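Bear in mind that the values in this text are calculations on the coordinates, not laboratory data. Computed from a prediction, not measured in an experiment: that's the story for all the values here. We place every Cβ from the backbone using ideal geometry, glycine too, and count neighbours over all the protein chains shown.
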Amino acid sequence: MSSVPVIVITGPSGAGKGTLIAELLRRLPQLEHSVSATTRERRPGEENGREYWFLTSEEFERRFQAGEFLEQVTYVSQRRYGTLRSELERIARNGRVCVLELETEGALNVKRTVPGAVTVFISAPVEELDRLLTQRATETQTEIGERLELAHRQLEQAGEFDHVVENDDLERAADELERVVRRELALAATIDS
Ligand code: 5GP
């Protein structure tokens, strides 16, 4: 077993974490994405069990009380998001390394509580974040405003993570993320042997 139990990809909403993770998984098949649980509305094109496990607030709370989450947060507009321990167990059983996509508070929690976790902060130029978040048009104006304000605050937390990858150009950022993760996996393999 690798001593890197999880790779955490974090950063502000709108920085392109999802796109970069999809590309990373395509390049490194030994990685697998953990499907989080959330109480937010499903966006068009999203599927239960693929992007998220979409839960009611009652179901989320029941599972929280039952200790089923490794970490969980309440994000904008009182939406809850959490990493299910069962996802980590499933990925470990598959013999793969788990990739978590988390906002910054959850990422810091995992960094503190999971030994060996590697954290990568995806940053983006502020103008680009504003443009993407405003354009996405899947959230209400109030939610967009909340996400923008939070994104600006989250950008200031970059220094708290192991690596920072600037998503100024998708191809370049994907190459850099791949390099960072490959190096961490190689390092873990030398510690194991
Ligand atoms: P979105 O609603 O845009 O899919 O996600 C909002 C934010 O929640 C994103 O920054 C995403 O990375 C984060 N997120 C998704 N799943 C989890 C989770 O399980 N835990 C935490 N802490 N954040 C999550």
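Give me the percent of DSSP beta bridges within the chain that run antiparallel, rounded to the nearest 5.
Roughly 25 percent of the DSSP beta bridges within the chain come out antiparallel.
Under a 10 Å cutoff between Cα atoms, tell me which one of N48, N167, N109 has the largest fluctuation in the Gaussian network model of the chain.
N48
For the chain, with the dipole built from +1 on Lys and Arg beta-carbon atoms and -1 on Asp and Glu ones, taken about the Cα centre, which of T38, L20, A66 lies farthest toward the positive end?
A66
Let me spell out the model: positive unit charges on the Cβ of Lys and Arg, negative unit charges on the Cβ of Asp and Glu, origin at the Cα centre of the range 95-179. What dipole size does that give, in debye rounded to 20?
The calculation lands at about 400 debye.
For the range 1-89, what proportion of DSSP beta bridges, expressed in % and rounded to the nearest 5, is antiparallel?
Once the DSSP bridges in the range 1-89 are tallied, antiparallel ones form about 65 percent.
When a/c reaches 1.5 or more, the comparison of a/b and b/c decides; with that in mind, is the chain rounded, prolate or oblate per its Cα gyration tensor?
Oblate is the answer for the chain, as a/c is 1.5 or above yet b/c matches or exceeds a/b.
Which whole-angstrom value gives the distance between the alpha carbon centres of the range 16-60 and the range 80-139?
The range 16-60 and the range 80-139 have Cα centres spaced 10 Å from each other.
Compute the longest continuous run of the chain that contains no exposed GluC sites (Glu not before Pro); treat a site as exposed when its DSSP state is not H, G, I, E or B and it has at most 14 other Cβ atoms within 10 Å.
Value returned for the longest uninterrupted segment is 48-155.
Please report, in cubic angstrom per residue, the volume enclosed by the convex hull of the alpha-carbon atoms of the range 135-177.
About 95 Å³ per residue, rounded to a whole number.
Taking Rh as the Kirkwood radius, which is the inverse of the mean 1/r over Cα pairs, what is the Rg/Rh value for the range 14-59?
1.03
How would the range 1-100 be classified by its alpha-carbon gyration tensor: rounded, prolate or oblate, with rounded meaning a/c under 1.5 and the a/b versus b/c comparison settling the rest?
Taking the square roots of the gyration eigenvalues as a ≥ b ≥ c, the range 1-100 is oblate.
With the Cα gyration tensor of the range 59-120 in hand, convert its eigenvalues to equivalent ellipsoid semi-axes via √(5λ) and list them largest first in whole Å.
Listed largest to smallest, the semi-axes of the range 59-120 are 20, 16, 10 Å.
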